[in-house]
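K.L.:
Just dropping this structure here.
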Amino acid sequence: MTPARANSKRWLLIAPAAILVGVFLVLPYLNIILISFRPPAQGAPYGAGYTLQNYGKFLSDSFYWLQLWNTIAIAFVTSALCLLVSYPVAWQLARGNTRMRGLYYGIVLSPLLVGIVIRSYGWTIILGNNGLINRSLRDIGWISAPLPLMYNTFGIVLALVHVFLPFMVLPIMGALQSVDPALESAARSLGASRTTIFRRVIFPLSMPGVQSGCILVFILAMSAYVTPALIGGMRVKTMPVTVVDTLIDAFQWPFGSAMALMLSLCGALIVIIFARLTRMKWA
Amino acid sequence: MKTNRRSFQSGRLLLNCFCILVYLFLLAPILVVVGASLNAGAFLTFPPQGLSLRWYVVFFNNDVFMKAIRTSLVIATIATCISGVIGSAATLFYARYAGAAREWVRIGLLAPLLLPEVLTAIALLFFFYAIGVGTQNMIALLVGHVLITLPFIFLNVSASLEGFDPAWELAAQSLGAGPWTRFRRITLPLIKPGVIGGCLFAFIISFDTFAISFMLKSVGTSTLPIQLFDYLRLNFTPEAAAVSTVSILLTLVVVIVTEKLLDLRIHRF
């Protein structure tokens, strides 16, 4: 076989995936950017010509600004809480010499194997006005009226932390596992205390895992739809819920696209700033 | 020294207690759903009022949910097969021949995971209308599912290729093995765990995914998560819990069968 023919055969390996991603991911994204500049129309998804009015409508209305801010805040708090909760768990999984490790690992993975609709539904059973927590507290007699655990930001954040926790634990665990134990011994032989070893040696070395976990959870939380829709109900709406309402119910394709793109743009900006601040290359 | 050790031990105890609380937190909604499905009463309450399987009977007689389960299984199977073949081939190319384009191939194959799924779903919906295919048939839905499962094939297969030494293939070649024999006897056995692990994840992701199915489903066909979501907006009977439990069990069966039959370890989420 001539080298040229061998080379052309190699390209056949990547061709189907390249066509799939090129035609069904890149082109649709270019298309949605174009649609966001289209004027709205009656009886059709969008009118002829191009305009900036969709972006203008978004930027001039404080209602959308507030919602964008809320969505970012929810995603930020979710990532921060995920990090706080995940680090000790990742630590135990990476370093604990316990026999239970396999079981614990399975528990951490378990949410990934259960659909997001089902998990959010589980939280509605726990948090609802007639749910597990409120009923138990009422039966004990601690409360007379149900605590507002659902249909608010608290419920959304709690459920989102649950939904995305594995995406934080796994990268941090990976990073902690790759820290050379010799470094720790070296630090100890030089007289460093446990706290100092953690602060100066182990934590900095686990930063790549912390960083990719935070980025992943932040992006996922910002674009989450099911959990806010089920737990937030009609009362608290995040941007993705409003975007879907605008596109499907109100049938305003251009404005919905503009909103979705603004949300993604803000998300991307925050991720880039975060990556810069943590002084690491975007991986 | 003694106090140091004691503080270390109490620190470890504290860590373990904290972790157990987190594990309870992780399991809570799943356990609650399974528990609620056994409710004998007409309303969704937890803890259940008396145990019964009546809501499973209701569910198995509900054609809408049964049809949705079948649709989900069919879509997940087809999407996994297509994604597995396309993704494994692309990952082989990435690991060996991509050269300067390596980083681009990686970004391209991971893009569906890094881009917001809702936005990808919307973009695909508009695109399928723009090219005149629409969502009358299942093509759009299938394309969407193949797209979002692709990164999971890539992550798993590329992990199994990490320790792959090209010298083995050269050795086989020098012993007279043709390209097909080399692939069948050397490469395939090496990447098999990655391919199977990737397909396992692809199947689960496809079976459970929401946004893509929500936007791209054709009129009259629903996957299980969509049907469940619609149902939950209006109803509060324990039937939804029975549906969820069956869905969880199906996933669990797939995982266990794959693990036992093919003897592999899941090494990537």
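K.L.:
For chain A, treating each Cα as an identical point scatterer without solvent, what Debye log10 I(q)/I(0) comes out at q = 0.08, 0.10, 0.16 1/Å?
P.N.:
Summing over Cα pairs of chain A leads to -0.50, -0.75, -1.27.
K.L.:
Taking chain B as a Gaussian network, where each spring joins two C-alpha atoms under 10 Å apart, which residue of B:GLN136, B:GLN227, B:GLN173 fluctuates the most?
P.N.:
Of B:GLN136, B:GLN227, B:GLN173, the most mobile in the Gaussian network model is B:GLN173.
K.L.:
Enumerate the calculated ³J(HN,Hα) couplings along the stretch B:82-95 in order (Karplus 6.51 cos²θ - 1.76 cosθ + 1.60, θ = phi - 60°), each rounded to whole Hz, writing x wherever the residue is Gly or Pro.
P.N.:
Each residue's phi maps through the Karplus curve to give 4, 4, x, 5, 4, x, 5, 4, 5, 5, 4, 4, 4, 6 Hz.
K.L.:
Take each uninterrupted DSSP H stretch in chain A, measure its Cα extent along the helix axis, and return the ones at 27 Å or beyond whose mean Kyte-Doolittle hydropathy is at least 0.0.
P.N.:
A:3-21, A:62-95, A:153-177, A:253-277
K.L.:
When you take every Cα atom in the stretch B:55-95, what is the radius of gyration, and what is Dmax, the widest Cα pair distance, in Å?
P.N.:
When restricted to Cα atoms, the stretch B:55-95 yields Rg and Dmax of 16.7, 51 Å.
K.L.:
Where Lys and Arg each count +1 and Asp and Glu each count -1, what net charge lies around B:THR221 among other residues with Cβ under 15 Å from its Cβ?
P.N.:
Surrounding charge for B:THR221 is +1.
K.L.:
I would also like to ask the following. Leaving out ligands, DNA and RNA, what percent of the accessible area of chain A is carbon and sulfur, probe 1.4 Å?
P.N.:
Carbon and sulfur together cover 68 percent of it.
K.L.:
Give the shape of chain B as rounded, prolate or oblate, defined through the alpha-carbon gyration tensor: a ≥ b ≥ c are the square roots of its eigenvalues, a/c under 1.5 means rounded, and otherwise the shape is prolate if a/b is larger than b/c and oblate if not.
P.N.:
oblate
K.L.:
Right, here's the next one. Taking Rh as the Kirkwood radius computed over C-alpha pairs, what is the Stokes-Einstein D of the stretch A:190-283 at 37 °C in a medium of viscosity 0.692 mPa s, expressed in µm² per second?
P.N.:
Translational diffusion coefficient: 206 µm²/s.
K.L.:
Mind checking the stretch B:174-269 for trypsin sites (Lys or Arg not before Pro) that DSSP puts in a loop (not H, G, I, E or B) and that have at most 12 other Cβ atoms within 10 Å?
P.N.:
Listed in order of number, the matching sites are B:ARG265.
K.L.:
For the stretch A:51-121 and the stretch A:248-272, what is the separation of their Cα centres, given in Å?
P.N.:
19 Å
K.L.:
Hey, another quick one. Ignoring solvent entirely, what values of log10 I(q)/I(0) come out of the Debye formula for the stretch B:125-206 at 0.18 Å⁻¹ when each Cα is a single scatterer?
P.N.:
Scattering profile of the stretch B:125-206, log10 relative to I(0): -0.79.
K.L.:
Where the convex hull is taken over the Cα atoms of the stretch A:47-184, what is its projected area averaged over directions, in nm²?
P.N.:
For the stretch A:47-184, averaging the hull's shadow over all directions gives 15.2 nm².
K.L.:
Just from its helices, what would the mean residue ellipticity at 222 nm be for chain B, if runs of 4 or more DSSP H residues each count -39500 (n - 2.57) and the sum is divided by every residue, rounded to the nearest 500 deg cm²/dmol?
P.N.:
-25000 deg cm²/dmol
K.L.:
Roughly speaking, what % of Cα-Cα pairs in the protein assembly as shown are separated by over 47 Å, rounded to a whole number?
P.N.:
The calculated P(r) of the protein assembly as shown puts 15 percent of pairs beyond 47 Å.
K.L.:
Can you compute the helix-only [θ] at 222 nm over chain A? Use -39500 (n - 2.57) per DSSP H run of at least 4 residues, normalise by all residues, nearest 500 deg cm²/dmol.
P.N.:
That comes out to -21500 deg cm²/dmol.
K.L.:
Can you tell me how the stretch A:50-102 classifies by the Cα gyration tensor, rounded, prolate or oblate, using a/c under 1.5 as the rounded cut?
P.N.:
Prolate.
K.L.:
While we're on this one: If you take the C-alpha gyration tensor of the stretch A:132-200, multiply each eigenvalue by 5 and take the square root, what semi-axes do you get, largest first, in whole Å?
P.N.:
Each semi-axis is √(5λ); the values are 44, 17, 9 Å.
K.L.:
Right, something else. Could you order B:PHE126, A:PHE203 by accessible surface area, starting with the largest, using a probe radius of 1.4 Å?
P.N.:
Sorted by accessible area, descending: A:PHE203, B:PHE126.
K.L.:
Given the options B:LEU249, A:THR78, B:SER158, identify the residue whose Cα lies farthest towards the positive end of the charge dipole of the protein assembly as shown (+1 on Cβ of Lys, Arg; -1 on Cβ of Asp, Glu).
P.N.:
B:SER158
The values are calculated or read from the model by the stated rules, or taken from the named source; none is laboratory data. Everything numeric in this text was worked out from a predicted model, so none of it was measured. Neighbour counts are summed over all protein chains in view; Cβ atoms, including those assigned to glycine, are modelled from backbone coordinates with ideal geometry. Accessible surface is based on the protein model in full, side chains and every heavy atom, while ligands, DNA and RNA are left aside. Shrake-Rupley method; radii C 1.70, N 1.55, O 1.52, S 1.80 Å.
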